[in-house]
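Inspection log for the structure reproduced underneath, given as structure tokens.
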Amino acid sequence: MRKITGNNEFNYVLLCNKICGAAHYNMQMDVVVESQEDYDKWLAEQKTFGE
Ligand SMILES: [Cu+2]
């Protein structure tokens, strides 16, 4: 989609589809499509919870 739009910043947005609570209005996140190689690199850099 970044190629189609010509926008290198383009991300899909994931929205909550249930009115689930007080923070529902703000329940969204970016969905980023990466190559397997880039994803594996990103994953290796993540810390586990409590680390
Ligand atoms: Cu919600």
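No lab work stands behind these numbers, since they all come straight from the coordinates. On a predicted model such as this, the values are computed, not experimentally measured, just so you know. Using ideal geometry, Cβ is built from the backbone for each residue, glycine included, and neighbour counts are taken over all protein chains shown.
Checked against the criterion of being assigned to a loop (DSSP other than H, G, I, E, B) and surrounded by 10 or more Cβ atoms within 10 Å (Cβ to Cβ), the stretch 37-46 has no qualifying residue.
Looking only at the stretch 1-41, residues that are hydrophobic (A, V, I, L, M, F, W, C) and over 16 Å from the mean Cα position of the chain (by Cα) come to 5 in all.
Hey, could you check the stretch 3-20 for residues that are assigned to a loop (DSSP other than H, G, I, E, B) and under 15 Å from VAL33 (Cα atoms) and say which is nearest to the ligand (Cβ to nearest atom)? Ranking the candidates gives ASN11 first.
Look at the stretch 24-50: where a residue is at negative phi and a partner is away from the ligand (no atom under 16 Å from the Cβ), sitting 6+ places away or on another chain with Cβ atoms under 6 Å, you get ASP30/ASN11; VAL31/TYR12; VAL32/ASN11. Applying the condition of being assigned to a loop (DSSP other than H, G, I, E, B) and surrounded by 11 or more Cβ atoms within 10 Å (Cβ to Cβ) to the stretch 22-32 and asking which residue is farthest from the ligand (Cβ to nearest atom) yields VAL32.
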